[in-house]
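What follows is a single structure, written as C-alpha cells, with notes after it.
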Amino acid sequence: MKQRKIHFIEAAMKYRQVTLVSAALLLILGLYALINMPRSENPKIDMPVAMVYAFYPGADELQMEKQVTQKIEQYLFSFEEIDKKKTTSQTRDGQVFITVHMNTQVKDRKKFWNTLQHGLNTNMQQVLPRGVIGPVVNSNFGDVTAQIITVSSPQRSYAEIERYLDKIEDELKIIPEVSK
C-alpha cells in the first residue's frame, strides 16, 4: 500500500476554512500586540555596566596602578554583585578607567550603582593618596541623545556667530529635557 504525503500548500487549499481562520487569528493577534506595545522615543535602558574612573595628576602609570587602581579594584571586588571575570581596568599616567560589569541577578541596578558611588565617596577618601580626583561611577550610558545644530550666516563674522551660539547653548541648558 502506497501512502501519499500531503504537502502544506495542498492542505491549505483543501482545508480553506482552517487557513482563513488561522490567518484572521494571526492578524487579530498582531493588531492587538501593535496597539498594546509600549512606546517611547528614548526608552530608559538600565545597563548592567558602569565606568569607574579616577584621576591623579602627576602620577605615572606604576604609581597609579599601585596607589589607586589596586585599591579601587579591591573595594569593588568586595561586592558580590560585581562580576570579577568581566570587569576590566585600564591604567595610564594619572588616570584609571575601570569597566565594571554587574551580575545579572541584581534587581535594582540604579540603587546598586548609587550605593557603590556613596561607598567610594566615603571609604576611598581615607585610602587613596591626596590629590586623587574621584573615583566617580558613571552608569548613565543610555540616557543621552545627540543632536547636531549648525548655524551659518553670509553677513555675520565667526565671532558674532560664536556669541550667538553661546546664547543658544545657555538657553538650551535651561530646558530640563535638553540640559544634559
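What follows draws every value from the coordinates through simple rules; no lab data is involved. Not measured: the values here are computed from a predicted model. Cβ placement follows ideal geometry from the backbone for every residue including glycine, while neighbour counts extend to all protein chains displayed.
Quick notes on this one:
- Ranked for footprinting exposure by Cβ neighbours inside 10 Å, fewest first, Asp166, Asp93 give Asp166, Asp93.
- At R0 = 35 Å, FRET efficiency that the Cβ-Cβ distance of Ser40 and Lys85 yields, to 0.05: 0.60
- Exposure proxy ranking for Arg109, Arg92, Arg39, based on other Cβ atoms within 10 angstrom of each Cβ and starting from the fewest, stands as Arg39, Arg92, Arg109.
- Ranked for footprinting exposure by Cβ neighbours inside 10 Å, fewest first, Lys14, Lys84 give Lys14, Lys84.
- Charged-residue dipole, Cβ positions (Lys, Arg, Asp, Glu), the chain about Cα centre, Debye nearest 20: 1320
- A helix-only calculation puts the chain at -13000 deg cm²/dmol for mean residue ellipticity at 222 nm, using -39500 (n - 2.57) for each DSSP H run of at least four residues, averaged over all residues.
- Of Val137, Asn121, Phe8, farthest towards positive along the dipole that unit charges on Lys, Arg, Asp, Glu beta carbons give the chain: Phe8
- Considering only Ala33, Ser153, Val18, and ranking their Cα positions along the charge dipole of the chain that arises from unit charges at the beta-carbon of Lys, Arg, Asp and Glu, the one farthest toward the positive end is Val18.
- Matching label, Cα Rg over 2.2 N^0.38 Å computed from the structure shown, candidates (i) 1.80; (ii) 1.47; (iii) 0.98: (i)
- The stretch 20-38-the stretch 90-108 distance, computed between alpha-carbon centres (Å): 43
- Computed over the chain: relative contact order in percent, which uses C-alpha pairs under 8 Å that are six or more apart: 25
- Sparse-neighbourhood loop sites, GluC sites (Glu not before Pro) in the stretch 64-112 - DSSP loop, at most 12 other Cβ within 10 angstrom: Glu80
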